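Working notes for the structure below.
The numbers here are math on the coordinates, done by the rules we state, and not lab data. Everything quoted here is computed from the prediction, not taken from an experiment. Backbone-built Cβ (ideal geometry, glycine too); neighbour counts: all protein chains shown.
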Ligand code: AMP
Ligand code: ZN
């Protein structure tokens with residue numbers, strides 16, 4: 001599949017990884033919009049939050065808990081942002097679900 005985040009998950013494209021688990025990866029955003037900008041991504045290809053299915057509940061939970069863990073490691077003690085862009089008018093460009101972790105402000 002011609003999906004950049006699937007290719008990163010499969011190590012067919014490089015990325016600056018900060019985490020890899022069985023189901024979820026996290027890597028630095030190539031064009032950061034915060035002092036620290038990390039993308040937390042399920043390995044499974046799901047195109048958008050709007051197409052999540054009931055069976056994806058645990059995976060989405062794991063994405064959020066992974067972001068929380070990375071935020072702690074990054075010492076974002078005073079706060080951070082977690083953002084899902086959904087659909088073109090929601091700012092989503094890459095059609096593979098990802099959670100933006102923005103911190104270090
Ligand atoms: P979104 O607008 O929510 O779809 O966010 C996609 C994000 O992916 C943007 O912030 C891009 O800078 C980022 N991005 C695109 N390609 C790559 C890549 N190869 N490695 C890391 N981040 C990327
Ligand atoms: Zn994908």
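Observations, loosely collected:
- Size descriptor for region 49-98, Kirkwood hydrodynamic radius: 12.4 Å (Cα pairs only, one decimal).
- When the Cα atoms of the chain are aligned to their principal axes, the ranges along those axes come out at 36, 29, 28 Å in descending order.
- Expressed as a fraction of 2.2 N^0.38 Å, the value expected for a compact globular protein of N residues, the C-alpha radius of gyration of region 10-71 is 1.14.
- Amide N of region 40-59 lying under 20 Å from the label point, which is placed 7 angstrom from the Cα of residue 93 along Cα→Cβ: 40-42, 46-50
- Mean residue ellipticity at 222 nm, helices only, the chain: -6500 deg cm²/dmol; runs of at least 4 DSSP H residues each add -39,500 (n - 2.57), and the sum is divided by the number of residues.
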